[in-house]
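K.L.:
Dumping the structure here so I can ask a few things about it.
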Amino acid sequence: MSTPFVTVLIDTYNHQRFIGDAINGVLSQDFPASEIEILVVDDGSTDSTPDVVRKFAPRVRLLRKINGGQASAFNAGIPESRGEIIAFLDGDDWWAPGKLTAVIGAFAENADVGLVGHGITEVYSDGRQRIEVPREVFRFRITSVEQAKAFRMRRGFLGTSRMAYRRELLRRIGCVPETLRFEADEYLFTLAGLFADVLILRDAHTFYRVHDGNLFQITSGDAQAIRGKQRVLAALAQSLQGAMKQNGVPLKIARTILECVEVEADFLRLVADGGFPWETVLTELRIMRVFHSDASVWQHLFSCVRLLPSVVLPAKTYYRWRRRLSLLTFYQDLRRKLLPFPVPSHVERREKLAP
C-alpha cells in the first residue's frame, strides 16, 4: 500500500450514536482521499460501535482492544498509524469542512511546528453552541516561564479533536502512561510544547459534543466521578513531572506547567472529600491567579465575596452550597447580566442559540 500523508486516529468507546458523524466528517474533508488513512481504535466498546465502524470499510480500518482508557487507545493506535501527520479525533466529536486542508497547510508552511491546534465549537444536547477561538494565531515553544504561562492559558485549543502532530514528535514523546484513562491528550500536547513549536489556528475546526457520556464530565456533581477525575489529574501531574525531570526541563518551567493540573486536582479533592477552610481559601485564590489573572477588578471582587463563607464552612459543605447557588435561575440571570463569567483576554467567545 502507498504511504498516506495523514492518519486520522479516532479513539472511541461506546459511541454508537456518534461515531458515524465523526467518520463522515473526515470522509467529507476537501483533502485527497488517497492521502488520508482513517484508523479507528475501539477501546472495548460494549455497544454496537464496532458494527457501525465496519460499515465504512475499506475506507476505515478498525482496531479493537480490551478496554483500558484513552492512553492505552493512543498507545495502540499511534504505532499503527502510517501517516507523516497524525490528526486525532474523539469518536463523539466531528470536524468542520476544511479542517485537514487548514492544518496540513499550516504544517507545510512551518517546518519547525510539530503540533497544530485550533478553535472549537462546543455543541450541547439542547442544540446550543458556544464557539471559542483565539483572537490571533499563536505560536510558541515552552522555553521560559512566560511561555509556560501562555501555554497553560491556551491548552484548551490543543485537546484530542483539535490536535495534529508530526509523527516524529510523537515518536520522541513515546508511550503515554496508561494510568491516564483520560487526559492522555494533555500528556502529549504538554510534552510536545517542550520539544517543538506549537501553532494554534484561529478558526473553530472541531465540533466538540458535550453530553453525559463524556468520561471527564463532572457537572452532575457525582462524587465517584469527581474522585475518578481527581485521581487521573494527580496521575497526570506525576507522569508529567517525571517526564520533564527526565528531559531536563528547568524546575521553574516545570512548576509553572504543573500548577494548573495540580490546582484542579486539589479543587476536585476538596469538592469530593472535603478539607479545612484554609485549604479552600488557598485553592480558590490559586485558581484565580492561575486561570483568571486578567479578569476585571469587579470579577475578582465578586469571587472574593463568594469565597467568604468558605472561611468558616468545611470545604465539602462550602462547595455543596456553591453548586446549589449556581443552579438557581436568579443567580444565573444575575451573572449573565451583571457579572458574566470571565473570558480570558486572548479568547473570543460567541454563543449561538438552538435553532
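K.L.:
Which of the chymotrypsin sites (Phe, Trp or Tyr not before Pro) found in region 262-355 are in a DSSP loop and have at most 15 neighbouring Cβ atoms, other than their own, within 10 Å?
P.N.:
Loop-located and lightly packed - none at all.
K.L.:
Next question, about the same structure. Against the longest alpha carbon principal axis of the chain, how many degrees, from 0 to 90 and to the nearest 10, is the axis of helix 315-326 turned?
P.N.:
Computed tilt is about 80 degrees.
K.L.:
Longest span of the chain, sites excluded, free of trypsin sites (Lys or Arg not before Pro) in DSSP loop with at most 12 other C-beta atoms within 10 Å?
P.N.:
136-355
K.L.:
How high is the FRET efficiency from R350 to D30, r the C-beta distance, R0 25 Å, rounded to 0.05?
P.N.:
Efficiency, from the Cβ-Cβ distance: 0.55.
K.L.:
Excluding residues on the same chain fewer than 8 positions from K55, give the lysines whose Cα lies under 29 Å from its Cα.
P.N.:
Correct list for K55: K65, K99.
K.L.:
Which lysines, if any, have their Cα less than 29 Å from the Cα of K245, not counting same-chain residues under 8 positions apart?
P.N.:
K149, K229
K.L.:
So, one more: Given a 10 angstrom Cα cut-off, can you work out which residue in T179, T121, T317 is the most mobile in a GNM of the chain?
P.N.:
Most flexible of the set in this elastic network: T317.
K.L.:
Give a residue-ordered list of calculated ³J(HN,Hα) values for region 142-153 (Karplus: 6.51 cos²θ - 1.76 cosθ + 1.60, θ = phi - 60°; whole Hz; x for Gly, Pro).
P.N.:
7, 10, 8, 5, 5, 5, 5, 5, 5, 4, 5, 7
K.L.:
Tell me, rounded to the nearest percent, the portion of alpha carbon pairs in region 68-168 spaced more than 17 Å apart.
P.N.:
60
K.L.:
Moving to a separate point now. Which length gain, in nm to one decimal place, applies between R82 and E168 when the Cα-Cα distance is subtracted from 0.36 nm times their residue separation?
P.N.:
Taking R82 through E168 to full extension adds about 29.8 nm, to one decimal.
K.L.:
In deg cm²/dmol and to the nearest 500, what is the mean residue ellipticity at 222 nm of the chain if only DSSP H runs of at least 4 residues count, each as -39500 (n - 2.57), divided by the residue total?
P.N.:
The per-residue figure over the chain is -14000 deg cm²/dmol.
K.L.:
Express the relative contact order of region 192-317 as a whole percentage, based on alpha carbon pairs under 8 Å and six or more residues apart in sequence.
P.N.:
24
K.L.:
Now for a separate question. How big is the Kirkwood radius of region 153-293, worked out from every pair of different alpha carbons and given in Å to one decimal?
P.N.:
For region 153-293, inverting the mean 1/r across all distinct Cα pairs yields 16.5 Å.
K.L.:
For region 56-165, which chymotrypsin sites (Phe, Trp or Tyr not before Pro) are both in a DSSP coil and crowded by at most 16 other Cβ atoms within 10 Å?
P.N.:
Sparse-neighbourhood loop chymotrypsin sites (Phe, Trp or Tyr not before Pro): Y124.
K.L.:
Ignoring ligands, DNA and RNA, please state the percent of accessible area on region 260-312 from carbon and sulfur, probe 1.4 Å.
P.N.:
After summing per-atom areas, the C and S share lands at 72 percent.
K.L.:
So with the 1.4 Å probe, I'd like the accessible area per residue for the chain, rounded to whole Å².
P.N.:
48
K.L.:
What span do the alpha-carbon atoms of region 264-355 cover on each of the three principal axes, reported in whole Å from largest to smallest?
P.N.:
Ordered largest first, region 264-355 gives principal extents of 43, 28, 23 Å.
K.L.:
Here's something else I'd like to know. Which of I226, L201, F140 sits closest to the plus end of the dipole of region 111-243, meaning its Cα is farthest towards the positive end, when Lys and Arg get +1 and Asp and Glu get -1 on the C-beta?
P.N.:
It is F140, whose Cα lies furthest towards the positive end.
The values are calculated or read from the model by the stated rules, or taken from the named source; none is laboratory data. None of the values given here were measured: they were computed from a predicted structure. Note that we place each Cβ from the backbone using ideal geometry, even for glycine, and neighbour counts take in every protein chain shown. For the accessible areas, the whole protein counts, side chains as well, though only heavy atoms, and no ligand, DNA or RNA atoms are used. Shrake-Rupley method; radii C 1.70, N 1.55, O 1.52, S 1.80 Å.
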